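Input: a single structure, listed below in structure tokens.
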Amino acid sequence: MNQPPDRRSPNKPPRPPARSAPTPRGSGRSGASDSPPPPDLLDRYAFPRSLIRTVPDFPRPGVIFRDITPMLANPKAFHMLLDGFAEHFIGEHVDAIAGVEARGFIFGGALAARLNACFVPLRKPGKLPGEVDRVSYDLEYGSTALEMQADLIQGGDNVVIVDDVLATGGTAAAAAELIRRQGGYVAAFAFAVEIASLDGRERLAPASVLSLITYEGEE
């Protein structure tokens, strides 16, 4: 994860330092890498993957939905994914984790606690009081928008955007636009699941993209 120059305003208080070691349930590897995992780790997430349900024709005909709810209900599987996220970013300078409503809150809040970073919720329209920034975008089955309260991100903050699934990349790209509007730097994206056949990763370039479980298509 490349680090930008420090552009934070001198008038704003500094963020707490990033953790250099994981919290008790984290794993022990330091540092992040964009390289693919070694062959002996390719089946690392076989257990949580086995708990993901494939639901055809939801939320509309022709859409294949990957339901992570059974995986979240299993403590071992959930911790395996949190460990994977945490070990990737341990030792990196992460000021904030931005979680996308709704399931991005589940992973994002837990990851922020492990990294000693602040958590910023990116919400659906009408959920946040006060002044907000808003970005509208298209989904593979409709259109919607994301909102973030104004001034949550300090200029120059390194932000990791977290969500449950990377599909076409529209939601993540909208999240990145919100972060950049407030002067933040999108250091990386992190997803529990990626639907590789939809090419969402390409839409997020050149930022680093981490996904723990990948589906190539309708498998």
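Here, each number is a calculation from the coordinates, and none is a lab measurement. Quantities reported herein were computed from a predicted structural model and do not represent experimental measurements. Note: ideal-geometry Cβ built from the backbone for every residue, glycine included; neighbour counts use all protein chains shown.
Assorted remarks:
- Taking the Kirkwood radius as Rh and the Cα radius of gyration as Rg, the range 98-219 has a ratio of Rg/Rh equal to 0.95.
- Take the Cα of Thr214, go 7 Å toward its beta carbon, and the backbone nitrogen atoms of the range 124-167 under 15 Å from that spot belong to 166-167.
- Computed log₁₀ I(q)/I(0) - Debye formula, equal Cα scatterers, no solvent, the range 35-150, q 0.19 Å⁻¹: -1.21
- Val63 long-range amide H proximity, modeled H, under 5 Å: Asp57, Phe58
- Calculated Rg and Dmax of the range 82-131 using C-alpha coordinates, Å: 11.9, 36
- Sorting Ile106, Ile97 by the number of Cβ atoms found within 10 Å of their own Cβ, with the fewest placed first, yields Ile106, Ile97.
- Amide hydrogen neighbours beyond the local backbone of Leu210, cut-off 5 Å, H modeled: Phe189, Ala190, Phe191
- Distant-in-sequence amide contacts of Gly184, defined by a placed amide H-H separation under 5 Å and a gap of 5 or more residues or a different chain, comprise Gly156.
- Sparse packing (at most 16 other Cβ atoms within 10 Å of the Cβ) combined with a DSSP loop state is found for the following trypsin sites (Lys or Arg not before Pro) in the range 62-169: Lys127.
- Order of Ile161, Ile179 under a 10 Å beta carbon neighbour criterion, fewest first: Ile179, Ile161
- Footprinting exposure proxy for Ser211, Ser197 (fewest neighbouring C-beta atoms within 10 Å first): Ser197, Ser211
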